[in-house]
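Engineer: Here's a structure for you.
The values are calculated or read from the model by the stated rules, or taken from the named source; none is laboratory data. Since we're looking at a predicted model, the values are computed, not measured. Please note: Cβ atoms are built from the backbone with ideal geometry, for glycine as well, and neighbour counts cover all protein chains shown. Surface accessibility is based on the protein's heavy atoms, side chains included, excluding ligands, DNA and RNA. Shrake-Rupley method; radii C 1.70, N 1.55, O 1.52, S 1.80 Å.
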2 protein chains.
Amino acid sequence: MDTNKNPMLFLDNQLCFALYASAREVTKLYRPFLDELGLTYTQYVTLLVLWEKDELPVKSLGEKLYLDSGTLTPLLKKLEAAGHVRRDRDPQDERSVIVRLTEQGHALREKVEGLPAKVFCQTDMPPEEIEKLRDQLQDLTRTINKYAACKP
Amino acid sequence: MDTNKNPMLFLDNQLCFALYASAREVTKLYRPFLDELGLTYTQYVTLLVLWEKDELPVKSLGEKLYLDSGTLTPLLKKLEAAGHVRRDRDPQDERSVIVRLTEQGHALREKVEGLPAKVFCQTDMPPEEIEKLRDQLQDLTRTINKYAACKP
DNA sequence: TAAAACTAGATCGTATACAATTTAATTTTA
DNA sequence: TAAAATTAAATTGTATACGATCTAGTTTTA
């Protein structure tokens with residue numbers, strides 16, 4: 001009946017919590033820099049996608065970011081209000097909304113060029129380890145996402 | 001001027017995004033099980049802490065979970081309303097609020113015993129890899145947190 | 001081809017996260 | 001020891017996340 005009997009439930013034994021906590025802590029490292037640009041972290045990663053490939057439907061953004069329209073619609077409206085993107089219905093398929101960078105949105109890219117490097121510095125992690133970790137996490141995310149897709 | 005010039009900004013090269021996405025996907029694996037118990041993921045990890053060591057001030061809970069009172073206070077009120085915990089001011093230091101499991105809160109523990117194992121199954125990851133990953137992430141979190149602490 | 005099924009976004013409701021401020025209690029210090 | 005500084009929670013405001021539902025547009029199919 002002792003609480004110490006099941007280490008499976010110890011907080012520090014949970015991968016899920018290690019992920020949950022580290023994701024939030026790493027995000028916090030971006031905040032001071034993003035604050036200056038008036039961006040939130042989620043807005044920032046959304047822009048990363050668009051800088052890589054512009055003119056994407058909300059659907060595609062959602063697939064890349066693992067976010068749904070409930071999160072993206074209000075976020076994209078804010079990016080639009082800030083002048084970074086435009087949102088237009090796709091004339092080919094009026095159900096779809098195409099998100100495009102404005103000039104201003106394109107220009108913003110230069111201001112964050114150095115950001116990832118600045119953050120890496122604060123992690124005290126060798127680049128190879130960071131890459132390995134990143135790749136493992138990507139595998140994990142894809143595996144889970146595939147699992148979820150085949151379920152009803 | 002080509003957008004492909006700076007791979008530092010590619011979404012898939014970001015550790016931060018790998019963390020952000022995987023944390024959310026893993027959390028989603030817990031949802032169906034936790035839904036049955038009427039718990040959210042954050043409530044669940046809060047209970048993990050209390051099952052390990054009962055009678056903790058909000059402050060300590062926050063340190064273990066990397067959450068502040070702005071998140072914990074409403075969450076703990078919900079756990080209290082659900083009958084899982086009690087919240088009482090510490091008579092020794094009235095600033096502090098001690099969180100205690102109720103009988104019901106203790107009993108809930110048995111219902112989640114098998115949960116971590118069930119989730120691991122869906123990750124297709126060998127246990128050693130999971131442990132290594134978890135330990136790396138814990139190091140990362142602690143490093144960042146220490147960094148943040150010495151800043152003004 | 002008209003109804004049924006499906007799809008993409010938008011909307012709504014709930015629950016975090018977290019910075020900033022406030023309040024009350026405790027410690028420090030001049 | 002009384003004022004100043006510190007501390008722990010609570011509160012407030014903003015921005016996600018995400019399930020569920022709704023709406024409008026597109027495809028399928030009987």
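Engineer: Per DSSP H run of at least 4 residues, take -39500 (n - 2.57); add these up for the protein assembly as shown, divide by its residues and hand me the 222 nm value, nearest 500 deg cm²/dmol.
Structural biologist: Details: 14 runs with 192 residues, N = 304.
The per-residue figure over the protein assembly as shown is -20500 deg cm²/dmol.
Engineer: Starting from the Cα gyration tensor of segment A:109-152, take the square roots of the eigenvalues, sort them a ≥ b ≥ c, and report rounded, prolate or oblate (rounded when a/c is under 1.5, otherwise prolate if a/b is larger than b/c, else oblate). Intermediate results must be reported in sequence, preceding the final value.
Structural biologist: On the way: a/c = 4.59, a/b = 1.97, b/c = 2.33.
Oblate, because a/c is 1.5 or more while a/b does not exceed b/c.
Engineer: For the protein assembly as shown, taking Cα atoms only, what is the radius of gyration to one decimal and the Dmax to the nearest whole Å?
Structural biologist: 21.1, 69
Engineer: Tilt of helix A:69-81 relative to the longest C-alpha principal axis of chain A, in degrees (0 to 90, nearest 10)?
Structural biologist: 50
Engineer: List the distances, in nm to one decimal, from the label point of residue B:83 to the label points of the same position in every other copy, shortest first, placing each label point 7 Å from Cα along the Cα-to-Cβ direction.
Structural biologist: 5.7
Engineer: Further, regarding this structure: Residue B:98's amide H: which non-local residues (gap 5+, or another chain) put their own amide H closer than 5 Å, with H modeled 1.01 Å from N in plane and none for Pro or chain starts?
Structural biologist: When sequence neighbours closer than 5 places are left aside, the close amide H contacts are B:88, B:89, B:90.
Engineer: Would you list B:111, A:78 from the most to the least accessible area, probe 1.4 Å? Could you put the intermediate results ahead of the total?
Structural biologist: Details: B:111 145, A:78 120 Å².
Per-residue accessible area, sorted high to low, gives B:111, A:78.
Engineer: Turning to a different aspect of this structure: What angle do you read, to the nearest 10 degrees and between 0 and 90, between the alpha-carbon axis of helix A:41-52 and the longest principal axis of chain A?
Structural biologist: Helix A:41-52 and the main axis of chain A meet at about 60 degrees.
Engineer: Can you tell which of B:17, B:69, B:84 lies farthest toward the positive end of the dipole of segment B:11-121, using +1 and -1 charges on the Cβ of basic and acidic side chains (Lys, Arg; Asp, Glu)?
Structural biologist: Highest projection toward the positive end goes to B:17.
Engineer: Under 1.5 on a/c is rounded, so check that first for segment A:3-121, then, if it is not, pick prolate when a/b is larger than b/c and oblate when it is not; a ≥ b ≥ c are the square roots of the alpha carbon gyration tensor eigenvalues.
Structural biologist: It is oblate, given that a/c is not under 1.5 and a/b is not larger than b/c.
Engineer: Grab the other residues whose beta carbon is less than 12 angstrom from that of residue A:18, score K and R as +1, D and E as -1, and report the net. Intermediate results must be reported in sequence, preceding the final value.
Structural biologist: Working: positive: A:24, B:132, B:134, B:142; negative: A:12, A:25, B:131, B:135, B:139.
Summing Lys/Arg as +1 and Asp/Glu as -1 gives -1.
Engineer: Going by the rotation axis that takes chain A to chain B, pick out the residue of A with the closest C-beta and quote the gap in whole Å.
Structural biologist: Nearest Cβ to that rotation axis, in whole Å: A:23, 2.
Engineer: Sequence gap at least 6, Cα distance under 8 Å: using those rules, report the relative contact order of segment B:11-121 to the nearest whole percent.
Structural biologist: Values: 93 pairs, mean separation 24.8, N = 111.
After rounding, I find 22 percent.
Engineer: Per residue, what accessible area does the protein assembly as shown have, given a 1.4 Å probe and all protein chains present, in Å²? Please list the in-between numbers first.
Structural biologist: Numbers: 16030 Å² over 304 residues.
Here the residues of the protein assembly as shown average 53 Å² of exposed surface.
Engineer: Taking the Cα centre of each part, how many Å lie between segment A:56-112 and segment B:72-140?
Structural biologist: Here the answer is 37 Å between Cα centres.
Engineer: For the B and A pair, go ahead and give the buried accessible area with a 1.4 Å probe, both sides summed, in Å² to 100. Please report the intermediate quantities before stating the final value.
Structural biologist: Numbers: alone 11140 and 11140 Å², together 16030 Å².
Summing both sides, the interface buries roughly 6200 Å².
Engineer: Nm distances between the label at residue A:53 and the same-position labels in the remaining copies, 7 Å along Cα→Cβ, shortest first?
Structural biologist: Result, one decimal in nm: 4.8.
Engineer: How far is residue B:135 from itself in the other copies, in nm, if each label sits 7 Å out from Cα along the Cα-Cβ line, shortest first?
Structural biologist: Those label-point separations list as 2.1 nm.
Engineer: Continuing with the same structure: Quick one: length gained pulling residue B:77 to residue B:8 fully straight, 0.36 nm per residue minus the C-alpha distance? List each step's numbers first, then the result.
Structural biologist: Numbers: separation 69, 0.36 × 69 = 24.84 nm, distance 4.31 nm.
Residue separation times 0.36 nm, minus the Cα-Cα distance, leaves 20.5 nm.
Engineer: Any idea of residue A:73's accessible area? Nearest 10 Å², probe 1.4 Å.
Structural biologist: 50
Engineer: To the nearest 10 degrees, how steeply does helix B:103-112 sit against the main Cα axis of chain B, on a 0 to 90 scale?
Structural biologist: 30
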